[in-house]
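Okay, so here's the structure we're looking at.
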Amino acid sequence: MKFTPTLSAALASALLMTTAGLTQAQTVRIGNQGDALSMDPHSLNESLQLSVTGNVYEPLVSRDKDLKLVPALATSWIQVSPTVWRFELRKGVKFHDGTPFTADDVVFSLARGSGEGSDMKSYTNEIQQVRKLNDFAVEIETKAPFPILPDVLSFFYIMSKDWSEKNQATRPVDRRKGIENAASFKANGTGPFRLRERQPNVKTSFQRNAAYWGKIEGNVVNVEYTPIGNDATRVAALLSGQVDVIEPVPVQDVARISASGKAKVLQGPELRWIFLGMDQKRDELLYSSVKGKNPFKDKRVRQAFYQAIDIVGIQKAVMRGASTPAALLVGPGVNGYDASMDKRLPYDTEGAKKLLAEAGYPNGFEVRMNCPNDRYVNDANICQAVAANLARIGVKIELQAETKGTYFPKVLRRETSFYLLGWSPSTYDSHNVLNALMRCVDNKGAGQFNLGAYCNPKLDELTMKIQSETDRTKRDAMIKEAFTIHADDVGHLPLHQQALAWGVASNVTLTQRADNQMPFRYMSVK
């Protein structure tokens, strides 16, 4: 008997309710494997969250369909000295509550995003001062020359100072501590869509902003966003017409959806790299059978883990070809990528066993591995495959796979010994990866997502030079040197670049960007 997945009664009811009373021809219903964890644009530096809130809030400088920098709330920008940028602001823009956008909102937002509770400090950690010149001009002074500042700010969203003060939301929602405020559930941006209703983990509704300052290319008026964690249920919702867009499409269902006649699958490489990190700071791991010392401080252990992973096997069996094995945490499409360096250490189980034995662990050891199960493509399955690979060298993995709603706060508090993470460099530049994932951790934003506290002062020194260098040849040489240091240290365990796969109803058109952002402004229903 053939099994056909069906929607649960509760989910079907929720999906039907979202469309009641709406004009079907102007509504797009999205089913995603996870939810944005907050409407606060400074609370979590995660691509999905930035994608969702980026329809409501806007940066000074944005990206177009081809990922080129374009004016947004700033109409122009110029580097007036090596460490000072001047931004001319767009006039006549209003927040959704009708209050005008001014330089005060820019100064406030950059201070908010660099303050306590913010997850966006890696965007602001090199800013020395923000000065209001007049109502529609600001200067941003950096600690050192920073030629890519406009690129860095392209995912930093501007909030209303007045609204934040009135709603006691002057500080970001701190996901690490479980702190919430009005900005968690309400929103007041300048973007092309307004937040209409927010039910976390159930449904979030958006409505076209009729007073938007810019052009909205699509005809969609309402967007209904529903998290559907189960792969089979998500696919069934698309094929039955309960939703119009799903992301991601499970790799095993791409052919079935493409052949259905009801929907198409949009595919392409994503600017996202999946990797493993290890606690290299504590003298004793939080969750391991090894007591009195930290095995991950030994490069031989890290390299043993790396060479025990059968990445081609994962590519074939888990990802079904929808991934590209990687030796770096960047790839094609990211400034500074050097293909000659993208060569993995060989898969070598016996060599890995020998390295473990040399490090003093001939029988392996036990360690807990933290993974999300609703954030990246086949994330939990990847972790299960890694655990099986490591078992062959005597390492017993206690796998803790959980929803990203509990996973991210935990690992961001560094309450982990071994973890899986994905990263998409928001600037499309190698400096982003070096600054956020590899720099020694400080309390100002450097190494903010270096959750295992890998640290090499020479790499830090190079990162600062790369930040300021304007000569492309010199800069690329320094990037290569920095990545060589990281690779030689086995600072992280790179796995692969994942692929994009969106399921889209036949009557819907939209734009798929390589950064996996999904702007509602480009969506249309035929």
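The values are calculated or read from the model by the stated rules, or taken from the named source; none is laboratory data. This structure is a prediction, so every number in the text was calculated from the model and none was measured. Every residue, glycine as well, gets a Cβ built from its backbone with ideal geometry; the counts of neighbours run over all protein chains shown. Accessible surface areas use protein heavy atoms only, side chains included; no ligands, DNA or RNA. Shrake-Rupley method; radii C 1.70, N 1.55, O 1.52, S 1.80 Å.
Just a few scattered comments:
- Residue match in segment 63-78 (condition: out of contact with any Cys (no Cβ under 7 Å at 6 or more places or on another chain) and over 25 Å from Gln517 (Cβ atoms)): yes
- Scanning segment 70-85 for residues that are closer than 21 Å to Asp105 by Cβ and open to solvent by 10 Å² or more (accessible area, probe 1.4 Å) turns up Val70, Pro71, Thr75, Ser76, Trp77, Ile78, Val84, Trp85.
- Among residues of segment 86-107, those that are more than 19 Å from Asn209 (Cα to Cα), surrounded by fewer than 22 Cβ atoms within 10 Å (Cβ to Cβ) and not β-branched (Val, Ile, Thr), counted: 4
- Across segment 19-59, the qualifying residues are those that are over 18 Å from Met523 (Cα atoms) and modelled with pLDDT under 50, and the one among them that is least open to solvent (accessible area, probe 1.4 Å) is Ala20.
- Members of segment 406-423 that are in contact with a Leu (Cβ under 6 Å, 6 or more places away or on another chain) and either of a type in the set (Val, Ile, Thr) or modelled with pLDDT under 95 (or both): Val411
- Search result, residues across segment 26-73 that are in contact with a strand residue (DSSP E or B) (Cβ under 8 Å, 6 or more places away or on another chain) and part of a helix (DSSP H, G or I): Gln26, Ser47, Leu48, Val52
- Any hit, segment 201-215, residues being buried (at least 22 other Cβ atoms within 10 Å of the Cβ) and among the aliphatic types (A, V, I, L, M): no
- Criterion (without any contact (Cβ under 8 Å) to a residue 12 or more places away in the chain and in a loop (DSSP other than H, G, I, E, B)) met by exactly one of Lys293, Lys316: Lys293
- Some residue of segment 127-137 being under 25 Å from Pro82 (Cα atoms) and open to solvent by less than 10 Å² (accessible area, probe 1.4 Å): yes
- On the stretch given as segment 458-468, residues that are open to solvent by less than 50 Å² (accessible area, probe 1.4 Å) and at pLDDT 95 or above total 5.
- Gln467, sole failed condition from (1) without any contact (Cβ under 8 Å) to a residue 40 or more places away in the chain; (2) part of a helix (DSSP H, G or I): (1)
- The set of residues from segment 346-362 being part of a loop (DSSP other than H, G, I, E, B) and either open to solvent by less than 40 Å² (accessible area, probe 1.4 Å) or over 23 Å from Leu285 (Cβ atoms) (or both) comprises Pro346, Tyr347, Asp348, Ala359, Tyr361.
- Taking each residue of segment 174-190 that is under 16 Å from Thr204 (Cα atoms) and looking for partners that are open to solvent by 80 Å² or more (accessible area, probe 1.4 Å) and modelled with pLDDT of 80 or more with beta-carbon atoms closer than 8 Å, six or more apart or interchain, yields Ala182/Gln168.
- Taking segment 85-106 as the range and being in a helix (DSSP H, G or I) and touching a residue at least 40 places away in the same chain (Cβ under 8 Å) as the test, the residues that pass are Asp104, Asp105, Val106.
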